[in-house]
Amino acid sequence: MITDMDGANRHRSNCVKKDQATEHAMLKNGNYRRDGSPERVTLKKEIGLISACAIIIGNIIGSGIFISPKGVLEHSGSVGLALIVWVLGGGITVLGSLCYAELGVTIPKSGGDYSYVTEIFGGLIGFLLLWSATLIMYPTSLAVIALTFSNYVLQPIFPNCVPPYDASRILSTVCLLFLTWVNCSSVRWATRIQDVFTAGKLLALGLIITVGLVQFSRGNYAELMPHAAFRFWKTPSVGEIALAFLQGSFAFSGWNFLNYVTEELVEPRRNLPRAIFISIPLVTFVYTFTNIAYFTAMTPEELLSSNAVAVTFGEKLLGVMSWIMPISVALSTFGGINGYLFTSSRLCFSGAREGHMPSFLAMIHFKNCTPIPALLVCCTATIVIMLIGETYTLINYLSFINYLCYGVTVAGLLVLRWRKPNLFRPIKVNLLIPIAYLTFWAFLLIFSLYSEPIVCGIGLVIILTGVPVYFLGVYWKNKPKCLGRFIESVTHAGQKLCFVVYPQGGEIEEDLVLDCPQKTEP
């Protein structure tokens, strides 16, 4: 991840002003103003309130609700405590999202956590967050979701056994490549897919909840009665409860992803908080009642022994229509893959623009205005993670790294309040909200580290490996000329291959008025 910060402006000048072939292509395709000058190539503002809600819901509801119930129940030791973990997990997510809403409208940059941490704490802390996110957090999340997609698609073909390793990897890769192509081709196509599949996954979970309510009305709620729900088959330690929250947090991960695409959001100061306030409570409601529905059909022992909770649920209650469940889960995870690709690529884009990643990743397609290089990096990293081996074991320290990053970002809100008390804040949350979030955050990380020192230690090591990379690739500015020439030649080669240019206009403008043709939606 070695960059050439000093040469970034030179690259920008070379590829935008001096590259005659690119300018000719822009003019040939109609990218010019009425006065004949080439039009500025920038990210398009095409994400309205509906698509914004779809991005949040679509990123949260992926594979987690079909994987995490088993882990939450296993660490909780009882049905009642597991349900409490799900409700409190949603409440904590609401607190975190409120803090992010303030940061998102105060620092209206794409890049989410990374942009806020870099702005508040400086380059090194921001780079470490970026390093852990691009190296493990988002590729691993994408890999888990893609493998869940392939396993559920192949489930009807291999009903009595686990789908073959090669078949699941090939199908996951094909799905990933297809959605990468869609995201490279059009922001509008990507958001439309997100809208449709978000509706589809809500319908799938709605089916589970409806069937569960029917079961409840028939009196099949023995496992939910207080005397049964709080019958512990093991006494969970404080550390076990913390691990239950970590498992649940995987299902809620993605709640902050709308902050990664702030610059593509129509009226971000209005639509960002609105989308958060609509989406997070809805997801918490759906998750809680989905788990209640599971327990109307399955005993805790059956749920713990199931490798596919939704499929087991469908087989017990839907009879000949049980095929609906694996298809519904596949659709849910398909939309989750699209949402993760869309938002995580913007993190690479923002990191490159700040000089923390190769400058080539800060380029966008001259006509479609999509960050093709960043999308290709995200796709490649995910495929590598999938081919390394089993990814489900990564969930605990993936969640640990996630919560660590969330806590640092929310702490940044308090630091920014102290440093710049008079800064204009369209949304200003009560200080008790970030303090309550950080209190829970400290409890979760300390006891998780105590209970799983190796797993959480690996997460810390992954983050700290970024320190030498930062000093070699970012902090060290006087690099040898031969290295600079090599980076420049690779950048130009990639530019010609992908038909990409640097966004014109340099820094983010205060009013975030971008000049690509805008197509808004309600």
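The values are calculated or read from the model by the stated rules, or taken from the named source; none is laboratory data. All values reported here derive from a predicted model rather than from experimental measurement. For neighbour counting, all protein chains shown are included, and Cβ atoms are generated from backbone atoms with ideal geometry for every residue, glycine included. Accessible surface areas use protein heavy atoms only, side chains included; no ligands, DNA or RNA. Shrake-Rupley method; radii C 1.70, N 1.55, O 1.52, S 1.80 Å.
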Scanning region 113-127 for residues that are out of contact with any Lys or Arg (no Cβ under 8 Å at 6 or more places or on another chain), of a type in the set (Gly, Ala, Ser) and touching a residue at least 24 places away in the same chain (Cβ under 8 Å) gives GLY123, GLY126
Selection from region 449-484 of residues open to solvent by less than 60 Å² (accessible area, probe 1.4 Å), in a helix (DSSP H, G or I) and either touching a strand residue (DSSP E or B) at 6+ places or on another chain (Cβ under 6 Å) or not aliphatic (A, V, I, L, M) (or both) yields SER451, CYS456, GLY457, GLY459, GLY466, TYR470, GLY473, GLY484
Counting only residues in region 408-437 that are closer than 20 Å to PHE277 by Cα and open to solvent by less than 30 Å² (accessible area, probe 1.4 Å), the one farthest from the chain's Cα centre (by Cα) is identified as ARG425
Every listed condition ((1) modelled with pLDDT of 85 or more; (2) open to solvent by 20 Å² or more (accessible area, probe 1.4 Å); (3) under 27 Å from CYS175 (Cβ atoms); (4) of a type in the set (Phe, Trp, Tyr)) holds for TRP323 save (1)
Reported set for region 109-127 where residues are open to solvent by less than 20 Å² (accessible area, probe 1.4 Å) and either of a type outside the set (Phe, Trp, Tyr) or not in a helix (DSSP H, G or I) (or both) is SER110, GLY111, GLY112, ASP113, SER115, VAL117, ILE120, GLY126
Answer with yes or no whether VAL85 is under 23 Å from SER448 (Cα atoms), open to solvent by 10 Å² or more (accessible area, probe 1.4 Å) and in contact (Cβ under 8 Å) with a residue 40 or more places away in the chain. no
The number of residues in region 212-232 that are part of a helix (DSSP H, G or I), surrounded by fewer than 19 Cβ atoms within 10 Å (Cβ to Cβ) and in contact (Cβ under 8 Å) with a residue 12 or more places away in the chain is 6
Before we move on, is ILE446 surrounded by fewer than 19 Cβ atoms within 10 Å (Cβ to Cβ) and at pLDDT below 80? no
Within region 233-245, identify whether any single residue is surrounded by fewer than 23 Cβ atoms within 10 Å (Cβ to Cβ) and touching a strand residue (DSSP E or B) at 6+ places or on another chain (Cβ under 7 Å), and answer yes or no.
no
